[in-house]
Amino acid sequence: MATFFGEVVVAPSRAGLDEEEEAREETPEDREIRREIEKKRYRRGLFGGDQAGEQGKYFFWIFAAFLSSFILDSVCWEVVGVVKLWNEWCRTSSTTNVLPTDSFCLFYRLISDPTVLLCQCSCYVAEDQQFQWLEKVFGSMQKKGLQVTILSTCPVADYKTQESTLTLASPFLKALKTKEFQDQVCCPLLEQPNIVRDLPAAVLSYCQVWQIPAVLYQCYTDVIKLDTVTIEAFKPLLSSELLKSLAKDASESTKVLKKFLTSSETHNNIYI
Amino acid sequence: MICFSSEAFSGGSDMAEPAGNKPQLPPSERGQRRHRPLAAARGHGVPALLPFFTPSFPPSLFPSFLPSFLHCLLPSSLPGGMFIPCDRGGGSAAPDFKGFTLLMPAVSVGNVGQLAIDLVISTLDMPKVGYFYTDCLVPMVGNNPYATAEENSTELSINAEVYSLPSKKLVVLQIRSPFIKNKYRPFCETLLSWVKSSNCARVVLLSSSHAYQRDDEQLLGTPLRYLLTPDLEKAVGGRMQELNWKEMEKVAAYPGVSDTDKVLHIPGGGITKLLFTESCSKGIQMAVLLKFCSEGDNIPDAFVLVNYLNEWLQLIKTESNNSTDASSQWKIPSSWRLLFGSGLPPALF
């Protein structure tokens, strides 16, 4: 591939493994550095969720921060665990002194029904950390009777369809479920050739392999910042069997939602 | 029931284990408990890059959270990966692959190997028998890529799945996502130890290599090449001669300086070279079939490669040796739709 200036640049190949990478022998120093980085990345895994294993019947998980306004409420939920991890996206470089503003995956438990566990994942889990994240989180849980619900969002541009994505009315919801999930799904299933990546995919893969009933609701949206329209796309879920009992009064939630949005605004502006 | 207050977990101290009420093991013993089965699962003396996560709950509690069958499977699933049969709960034993041929792709330039494997699975209508659960591949999920009707379209598919057809003694591993950086080696090690433990007779790796990096010799004639490990060479070397196939040429290690040192060079081939050289040294019967190609619409390349494979293994019957005849017999999976993205916005025109 040639650029405007005439130099030849190598196009990144899907093969992934570069010839130089393959050929270059790792020096002991390289190895030491890599090991240190790996230690830094993996040692922060921290989850105190073993109490969940005792009587777990239904757990569900929330990845999108969105439903905070509809479901999460400090009166009804208590924090029972946290997964902290460090990667290059974290604001702090220190692995021992984590800033209070650092984001983690927080685990909440419903006070009135301790079998319901909720995970709010507000940090970026890197590709090489996802597997360990799963082992960590699911490793400390009773699998029997476990049911998992995952909520996530992604850009509508990632959605493949016969027509142009510009003409699609976004946001919209699509679902994927594991073989064991027998309940009603509240929206259409995701059609081929569409796929889901990252942590939601990792969790769903884990559930499929280990035969845990799980469903993923993926919201396709055209906004980067959170907005009420996108969050409302998840509203059909509130009618589902599992969420019905947990949802708060919708009228009140709008208020909380507004507050939530203003607090997240500063994070979304790289110029501040 | 044990109740933990939120402070116990969000305090940020290093590995804040719930202290006090449970006996703690000394660190050395703790490490061993968790790591010994991992090292054993690899089947090598190679030390894993562990520890990853130190368990934050006392390991003495660990077994009690898991149903018995999961407990024996889970810890060994950590390094590299493992084969997990689909219907484990149904009481049926793991499928037997003794004497089978394992067909798999290398994630390589143009994804030609993966596309060719898709054609094989789709055409032979191979049933899924399990997953290759691994931490070496980027996670991805989607619905059944080989759906033929509404009913079978909602089966979930993950990044590495195993299909089998006992009537043809064929087992196919499809890989659907790229490797995570620095995870090629553990993947190859685990894969080859699975090949050994599952008693597969031989491995056929479908791959590709950058067309623009061919040398003068490789530019001539067919763009298809093969490689055989010494153990397979003995068995099928003659057949390759009959088919008039071309072996992948070795290239000079120091071009222009010395032409005597020759090395195997597969640019853009991903794990191909690593897997092949490892198989040579481990005495595994492996064949690599590859095509020189460039990134782009690689569907024609996939057809050429799968026809090449078919010349040897005769997976589907062809009346003549004409490759266009054979191409029409391969069934394109439904997931190949929209390979180049969605429709265009009408406002463009």
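The values are calculated or read from the model by the stated rules, or taken from the named source; none is laboratory data. Nothing here was measured: the structure is a model prediction, and the numbers come from that model. Glycine gets a Cβ as well: all are built from the backbone with ideal geometry, and neighbour counts include every protein chain shown. The accessibility values were calculated without ligands, DNA or RNA, using every heavy atom of the protein model including side chains. Shrake-Rupley method; radii C 1.70, N 1.55, O 1.52, S 1.80 Å.
Of the residues screened, A:Leu199 is one that is aliphatic (A, V, I, L, M) and modelled with pLDDT of 85 or more. Across segment A:127-161, what is the total count of residues that are open to solvent by less than 10 Å² (accessible area, probe 1.4 Å) and assigned to a loop (DSSP other than H, G, I, E, B)? Residues that pass the stated criteria total 3.
Counting the residues of segment A:180-208 that are surrounded by 17 or more Cβ atoms within 10 Å (Cβ to Cβ) and among the polar types (S, T, N, Q) gives 4. Within segment B:181-198, being closer than 30 Å to A:Arg34 by Cα and open to solvent by less than 60 Å² (accessible area, probe 1.4 Å) holds for B:Lys183, B:Tyr184, B:Pro186, B:Phe187, B:Cys188, B:Glu189, B:Thr190, B:Leu191, B:Leu192, B:Ser193, B:Trp194, B:Val195. Restricting B:Lys250, B:Lys282, B:Lys262 to residues that are loosely packed, with under 15 Cβ neighbours inside 10 Å, among the basic types (Lys, Arg) and either within 25 Å of B:Val107 (Cβ to Cβ) or modelled with pLDDT of 90 or more (or both) narrows the list to B:Lys250.
Being β-branched (Val, Ile, Thr) and in contact (Cβ under 8 Å) with a residue 40 or more places away in the chain is the filter; apply it to segment A:175-214 and report the residue that is farthest from A:Thr149 (Cα to Cα).
Step one: list which residues in segment A:175-214 are β-branched (Val, Ile, Thr), which gives A:178, A:185, A:195-196, A:203, A:209, A:212.
Subsequent filtering for residues that are in contact (Cβ under 8 Å) with a residue 40 or more places away in the chain retains A:196, A:203, A:212.
Details: A:Val196: 15, A:Val203: 10, A:Ile212: 11 Å.
Within segment A:175-214, the match that is farthest from A:Thr149 (Cα to Cα) is A:Val196.
So, in segment B:199-221, exactly how many residues are open to solvent by 20 Å² or more (accessible area, probe 1.4 Å), in contact (Cβ under 8 Å) with a residue 24 or more places away in the chain and not charged (D, E, K, R)? Give the steps one after another, and end with the answer.
Initially, segment B:199-221 is screened for residues open to solvent by 20 Å² or more (accessible area, probe 1.4 Å), giving B:199, B:201-202, B:210, B:212-217, B:219-221.
Now narrow it down to the ones that are in contact (Cβ under 8 Å) with a residue 24 or more places away in the chain: B:199, B:201-202, B:210, B:212-215, B:217, B:221.
The next check asks that each one be not charged (D, E, K, R); those that pass are B:199, B:201, B:210, B:212-213, B:221.
Total meeting the criteria: 6.
Report whether or not B:Thr272 is surrounded by fewer than 24 Cβ atoms within 10 Å (Cβ to Cβ) and polar (S, T, N, Q). No, not satisfied. When B:Glu161, B:Glu151 are screened for being free of Cβ contacts under 8 Å to residues at least 40 places away in the same chain and away from chain A (no Cβ under 11 Å), only B:Glu151 passes. Among the residues of segment A:162-179, those that are facing another protein chain (nearest Cβ under 10 Å), surrounded by 18 or more Cβ atoms within 10 Å (Cβ to Cβ) and either of a type outside the set (D, E, K, R) or in a loop (DSSP other than H, G, I, E, B) (or both) comprise A:Thr165, A:Ala175, A:Leu176, A:Thr178. Can we say B:Gly130 is open to solvent by less than 50 Å² (accessible area, probe 1.4 Å), assigned to a strand (DSSP E or B) and either over 21 Å from B:Phe100 (Cβ atoms) or of a type in the set (Asp, Glu) (or both)? So B:Gly130 does not fit the description; no.
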